[in-house]
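A.B. asks: One structure, pasted below without further comment.
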Amino acid sequence: MAKEPNPSITDLDALKVFTHPLRIELYRHLYTARSATASRLAEQVDEAVSLVSYHLRKMAAHGFIVEAPELNADGRERWWKPASEKGWSFRSSDFVGDPEGAAVVGQVTRQLLTARAERYAAYLDQQSAWPKEWTDAAFTAEYLPRLTAAELAELNEEMHALVRRWEERGRAAEEAGDTAGREQVALHLYGFPYRP
């Protein structure tokens, strides 16, 4: 199977799709489930089906998700799935020189940071309910290497490749029926320059 490219957003109108926090949440649920109907997603986010359907259509209009008619057994519900197994990404440098683009990048990045922080805070609140093997495996770390911009970019590529290998390993195991003990895992990594 050919490797699909990492879908990188370079169009400002497409990036604007994710200025709405509900779209980020819906995309995350859909990505995790791999496919779902608006009804199922509405239950997960506690919103009206009509509102969820509206936001799904907005994401579909920019190619982030696609219909999955092969899952529609009875023809009554519309199924959706992510357009790519690799999700989506963007680089702020693609919007340099455009004040509106910079504002949208800032807004989307902050929405993502908020969503990730909320997810980690929820884990911390529920940590004692997880079995010891999971709490022992969970981690948080901060590293402070001194790097050039080129080295940071190389580190980023290496980390993406490493995580993709683990994602593929998990998908292959699930497809082979090896689901015992598997949980969805969130892995948040940030790499940015700072001056102490």
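The values are calculated or read from the model by the stated rules, or taken from the named source; none is laboratory data. From a predicted model like this one, the values you see are computed outputs, not experimental measurements. Here Cβ is always computed from backbone atoms with ideal geometry, including for glycine, and neighbour counts include all displayed protein chains. Each accessible area value is taken on the protein alone, full model and side chains, heavy atoms only, with ligands, DNA and RNA left out. Shrake-Rupley method; radii C 1.70, N 1.55, O 1.52, S 1.80 Å.
A.B. asks: With a/c under 1.5 counting as rounded, go ahead and sort the stretch 90-163 into rounded, prolate or oblate using the C-alpha gyration tensor (a ≥ b ≥ c being the square roots of the eigenvalues; past the cut-off, prolate if a/b is larger than b/c, else oblate).
C.D. replies: On the way: a/c = 3.21, a/b = 1.54, b/c = 2.09.
It is oblate, given that a/c is not under 1.5 and a/b is not larger than b/c.
A.B. asks: Hey, got a sec? Which GluC sites (Glu not before Pro) in the stretch 124-168 land in a DSSP loop and have at most 13 other Cβ atoms within 10 Å?
C.D. replies: Of the GluC sites (Glu not before Pro), the ones in loops of the stretch 124-168 whose Cβ has at most 13 other Cβ atoms within 10 Å are GLU142.
A.B. asks: What net charge do the residues around THR19 carry, taking every other residue with its C-beta under 14 Å from that of THR19, with Lys and Arg at +1 and Asp and Glu at -1?
C.D. replies: On the way: positive: LYS16, ARG23, LYS58, ARG110; negative: ASP11, ASP13, GLU25, GLU100.
In short, 0.
A.B. asks: Same structure, new question: From a point 7 Å beyond the Cα of ALA129 in the direction of its Cβ, which residues of the stretch 158-190 have a backbone N at a distance under 19 Å?
C.D. replies: The answer is 181-186.
A.B. asks: Dipole of the stretch 1-94 (Lys/Arg Cβ +1, Asp/Glu Cβ -1, origin at the Cα centre): which of SER89, ALA36, ILE65 lies farthest to the positive side?
C.D. replies: Of the listed residues, the answer is SER89.
A.B. asks: Return the Cα extents of the stretch 1-117 along principal axes one, two and three, sorted largest first, each rounded to a whole Å.
C.D. replies: 50, 37, 25
A.B. asks: Within the set of other residues whose C-beta is less than 14 Å from the C-beta of TYR143, count the net charge using Lys and Arg as +1 and Asp and Glu as -1.
C.D. replies: -2
A.B. asks: Add -39500 (n - 2.57) for each DSSP H run of 4 or more in the chain, then divide by its residues: what number comes out at 222 nm, to the nearest 500 deg cm²/dmol?
C.D. replies: Here the helix-only value at 222 nm equals -16500 deg cm²/dmol.
A.B. asks: Suppose every K and R has +1 on its Cβ and every D and E has -1 on its Cβ; what is the size of the dipole of the stretch 27-89 about the Cα centre, in Debye to the nearest 20? Could the numbers behind the result be given before it?
C.D. replies: Numbers: 9 positive and 8 negative charges, 42 e Å.
With Lys and Arg at +1 and Asp and Glu at -1, about 200 debye.
A.B. asks: Only Cα pairs within less than 10 Å get springs; with that Gaussian network setup on the chain, which residue of GLY63, GLY101, GLY75 has the largest fluctuation?
C.D. replies: Judging by the Gaussian network model, the answer is GLY75.
A.B. asks: Within the stretch 6-104, list the trypsin sites (Lys or Arg not before Pro) lying in a DSSP loop whose Cβ has at most 14 other Cβ atoms in a 10 Å radius.
C.D. replies: On the way: sites: LYS16, ARG23, ARG28, ARG34, ARG40, ARG57, LYS58, ARG76, ARG78, LYS86, ARG91; in loops: ARG34, ARG76, ARG78, LYS86, ARG91.
Filter output for the stretch 6-104: ARG34, ARG76, ARG91.
A.B. asks: Same structure, new question: Using 0.36 nm per residue of separation minus the Cα-Cα distance, give me the extension gain between VAL45 and SER8 in nm, one decimal. Please report the intermediate quantities before stating the final value.
C.D. replies: Values: separation 37, 0.36 × 37 = 13.32 nm, distance 2.61 nm.
Between VAL45 and SER8, full extension yields an extra 10.7 nm.
A.B. asks: Send over the per residue convex hull volume for the chain, Cα only, as a whole number of Å³.
C.D. replies: Dividing the Cα hull volume of the chain by its residue count gives 172 Å³.
A.B. asks: I would also like to ask the following. Given a 1.4 angstrom probe, what's the average accessible area per residue across the stretch 56-120, in square angstrom?
C.D. replies: Accessible surface, normalised per residue, equals 62 Å².
A.B. asks: What percentage of the solvent-accessible surface of the chain, computed with a 1.4 Å probe over protein heavy atoms, is contributed by carbon and sulfur atoms?
C.D. replies: 53
A.B. asks: Whole percent per 10 Å bin, from 0 to the bin with the longest distance: what is P(r) over all C-alpha pairs of the stretch 117-196?
C.D. replies: Percent of pairs per bin, in order: 13, 35, 35, 15, 2.
A.B. asks: Per-residue accessible area for VAL52 at 1.4 Å probe radius, Å² rounded to 10?
C.D. replies: VAL52 exposes around 0 Å² with every protein chain in place.
A.B. asks: Assign unit charges at the C-beta atoms only (+1 for Lys and Arg, -1 for Asp and Glu), then state the dipole size of the chain relative to its Cα centre in Debye, rounded to the nearest 20.
C.D. replies: Working: 24 positive and 30 negative charges, 40 e Å.
Rounded to the nearest 20 debye, it is 200 debye.
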